[in-house]
Amino acid sequence: MIDVLKDTLSKVNDWVKYAEAKNAANIAFCSASIWGIFRVMSSSQNLDSYIHAYLMMSISLLAIGLCISFISFIPKLNTPWFKVPKREKGENLLYFGVARKYSAKSYVEELYDGQPENSDNYKVDLMYADQIIINSKVAWAKFKQFDFAVVFTLSAILSPLFILILKVCKK
């Protein structure tokens, strides 16, 4: 069982890295977009007031997305603003989204079908399980923060389409 726990911990750690990479990509995109918009605004003296308002709104939305992605890099193990849903029978215990719902003891008990005393390395199993649970919560929080940040980023990108549709519909 220890090999299963080691492998699961490794995969959960990979999910944490992936979530961090996604947030880093959003930071890079938002930063470059804000910089580009400021360059356009500073080089164009006679911008239409609607375009100027749109660009300012885009900067605001991109800045919010940027800040949320930055916040995901603050080291925190406890995220009280994310509710942990109830466990269900038959869930995939190797998935970090499911593992985060357990305590170390209940996770090991579930892996051993309620008989953790059958383990030769019960204390070590508990330590691995504890790390899996903690890292699963971290990965989950980082993915949720990315989801939230990308809503603002996409709003900044897609809002010209809505403005164009409104203009066409007005005619």
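The values are calculated or read from the model by the stated rules, or taken from the named source; none is laboratory data. The structure displayed is predicted, hence computed values, not measured ones. Heads up, the Cβs are rebuilt from the backbone with ideal geometry, glycines too, and the neighbour counts pull from every protein chain shown.
If you go through segment 25-67 and keep only what is closer than 15 Å to I157 by Cα and β-branched (V, I, T), you end up with I27, I34, I37, I51, I59, I64. Among the listed residues G36, G97, which satisfies the condition of being surrounded by fewer than 14 Cβ atoms within 10 Å (Cβ to Cβ), farther than 15 Å from V150 by Cα and not polar (S, T, N, Q)? Step by step, each of G36, G97 is checked, and only G36 is surrounded by fewer than 14 Cβ atoms within 10 Å (Cβ to Cβ), farther than 15 Å from V150 by Cα and not polar (S, T, N, Q).
Look through segment 125-169, keep the residues that are hydroxyl-bearing (S, T, Y) and within 16 Å of L62 (Cβ to Cβ), and return whichever of them is surrounded by the fewest Cβ atoms within 10 Å (Cβ to Cβ). In this case the residue turns out to be S159.
Flag not set for S159, criterion: within 20 Å of S31 (Cα to Cα), at pLDDT 90 or above, hydroxyl-bearing (S, T, Y) and part of a helix (DSSP H, G or I). Scan segment 39-76 for residues that are surrounded by 15 or more Cβ atoms within 10 Å (Cβ to Cβ) and of a type in the set (D, E, K, R) and jot them down. None - no residue of segment 39-76 is surrounded by 15 or more Cβ atoms within 10 Å (Cβ to Cβ) and of a type in the set (D, E, K, R), so the list stays empty. If the condition is being in contact (Cβ under 8 Å) with a residue 60 or more places away in the chain and either touching a strand residue (DSSP E or B) at 6+ places or on another chain (Cβ under 7 Å) or surrounded by 15 or more Cβ atoms within 10 Å (Cβ to Cβ) (or both), then segment 109-124 contributes L111, Y112, S119. Applying the set (1) among the charged types (D, E, K, R); (2) more than 21 Å from L161 (Cβ to Cβ); (3) loosely packed, with under 14 Cβ neighbours inside 10 Å to E20 leaves exactly one unmet item: (3).
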